[in-house]
Structure formats: structure tokens, C-alpha cells
Amino acid sequence: MPRERFNQRGVISPALANWTLDGLEDVVHASVASTERKRKPFKIHVVRYADDFIITGATKAVLQHQVRPAIEAFLKERGLELSDEKTQITHISQGFDFLGQNVRKYTGKLLITPARKSVKPQTIRSDNGPEYISSKLVLWAEKRGVRLEYIQPGNPQQNAYVERYNRTVRYDWLGHYLFESITEVQEHATRWMWTYNHERPNMAQGGITPKQKLARAA
């Protein structure tokens with residue numbers, strides 16, 4: 001059989017992955033129980049796109065000690081193995097990245113947002129503070145292809161959205177607490193944004209929430 005190199009980002013790549021991994025779902029299900037009725041309490045579900053896949057389960061123990069060994073054996077037969085970098089067992093409340101999106105559950109609601117590593121701004125607009133005009137930031141932006149745009153001195157209204165956001169965030173919660181990690185700040189920000197958009201009445205909008213305002217405008 002001739003040896004050929006396939007472009008991993010080409011059209012054929014997903015087709016090859018689907019062909020190679022055909023049967024993965026059956027192996028996962030069989031690792032837990034022999035019938036659908038017996039599998040139901042374990043809440044096993046498989047979502048796959050090409051060679052990327054998610055497997056959900058009711059407990060970490062089932063995923064770690066039953067599902068994962070079955071997947072590893074399935075891949076080994078095909079000369080493949082799980083990627084240590086991309087493979088993790090995590091609770092849905094902590095979230096995970098999949099196909100450029102971050103998926104997590106918060107207070108019973110499923111939140112899907114762009115993954116942090118997938119997001120790169122085209123432009124950063126800021127004032128002329130020393131932290132924004134420093135050579136280190138300029139070099140950082142050039143290296144990543146990000147354009148820096150500065151407002152005119154003394155005209156904060158040229159960056160009104162960020163100025164308004166910073167004021168609201170600082171007064172509402174950022175200036176009230178001492179945080180020990182970026183993760184803690186992100187979790188607090190997620191809770192605050194949900195409350196602000198879905199539960200907190202905005203008197204400037206007639207006492208309704210931004211979510212209700214959006215629904216009425218649709």
C-alpha cells in the first residue's frame with residue numbers, strides 16, 4: 001500500500017477519523033452495561049466530531065475505571081492512543097473546552113461560550129495610560145497580529161463602552177473583594193453577569209432585566 005501524507009486540516013481528514021473510530025460509541029456503552037435499560041442510571045452519552053469526542057457519565061468512577069480503559073483498548077487495536085493533553089475527566093460545573101467552545105453548567109443552566117484560547121481580538125482600544133503605551137504591550141500585540149488603537153487624550157467617551165463597564169464592575173463587585181486566583185475572579189464574574197442580565201431589574205429600562213428587554217425587541 002503506498003504511503004501518502006494527508007493534510008490533517010483537509011476535507012479528507014474528518015472522513016478518515018470517522019472511518020477509523022467507527023464503533024467507538026458501541027464500545028463505550030458496552031463498557032458500562034449490556035442493555036440500554038441497565039445503562040440508563042449511568043447517564044452515558046457520546047458526542048463525537050472526527051477525532052474529538054466528549055463522553056458524559058453520572059460519576060467520575062464510571063468514566064475513570066470502566067469507560068476510559070475500554071476506549072484505550074479500542075484505540076490500541078487501531079494503533080492510536082488518547083492524548084494526555086486533551087483528555088480530562090472533569091465535573092460539568094468546572095467546564096471543558098470542545099471544538100473552540102467552553103461548556104459548563106452554572107446553577108442548573110448550560111453556558112456555552114468561546115474558549116479562552118480560541119479568542120483573539122483584532123483590535124484593542126484603550127486610553128493613553130502608561131500601561132497601554134508601554135513597549136512590552138506593543139511587542140505583545142505585534143507578535144499576535146493585534147492592532148492597538150488609542151483614544152484622544154481627555155476623551156473617555158471615545159471608549160464609552162469599556163469605561164461604563166469598568167465603572168459598573170468595580171462598584172458592583174470587583175472593588176469589594178480580595179481574590180486569590182484568576183479562576184475565582186472568572187467564576188464571580190460569570191455569576192455577576194448572569195444576575196445582571198437575567199435577574200436584576202434595570203430602572204433605566206422600565207424595571208425589567210436586559211434579557212426581558214431583548215425578548216421584547218425580538
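The values are calculated or read from the model by the stated rules, or taken from the named source; none is laboratory data. What you are looking at is a predicted structure, and each value in this text was computed from that prediction instead of being measured. Positions of Cβ are backbone-derived with ideal geometry, glycine not excepted, and every protein chain shown enters the neighbour counts. Surface accessibility is based on the protein's heavy atoms, side chains included, excluding ligands, DNA and RNA. Shrake-Rupley method; radii C 1.70, N 1.55, O 1.52, S 1.80 Å.
Looking only at residues that are open to solvent by 60 Å² or more (accessible area, probe 1.4 Å) and more than 22 Å from LEU111 (Cα to Cα) in the stretch 189-204, which one is modelled with the lowest pLDDT?
ALA204
Six or more apart or on different chains, Cβ under 9 Å: which pairs go from a residue in the stretch 17-28 that's farther than 14 Å from VAL67 by Cα and touching a residue at least 24 places away in the same chain (Cβ under 8 Å) to one that's part of a loop (DSSP other than H, G, I, E, B) and of a type in the set (D, E, K, R)? Could you list them?
Listed by first residue and then by second, the contacts come to ALA17/ASP51; ASN18/ASP51; THR20/ASP51; THR20/ARG78; LEU21/ASP51; LEU21/ARG78.
Looking only at the stretch 129-164, which residues are of a type in the set (Lys, Arg), modelled with pLDDT of 85 or more and in a helix (DSSP H, G or I)?
Hits for the stretch 129-164 are LYS136, LYS143.
Which residue out of VAL103, VAL67, VAL46 is assigned to a strand (DSSP E or B), more than 30 Å from HIS198 (Cβ to Cβ), β-branched (Val, Ile, Thr) and in contact with a strand residue (DSSP E or B) (Cβ under 9 Å, 6 or more places away or on another chain)?
One residue alone meets the criteria, VAL46.
Which members of the stretch 145-163 meet the condition of being under 10 Å from ILE124 (Cβ atoms) and surrounded by fewer than 12 Cβ atoms within 10 Å (Cβ to Cβ)?
Result: ARG147, GLU149.
Please work out if ILE89 is modelled with pLDDT of 90 or more and among the hydrophobic types (A, V, I, L, M, F, W, C).
yes
Please name all residue pairs, on different chains or six or more residues apart, with Cβ atoms under 6 Å, provided the first residue is in the stretch 43-65 and is over 28 Å from ALA15 (Cβ atoms) and the second residue is part of a helix (DSSP H, G or I).
GLY57/PHE42; GLY57/LEU63; ALA58/PHE42; VAL62/PHE42
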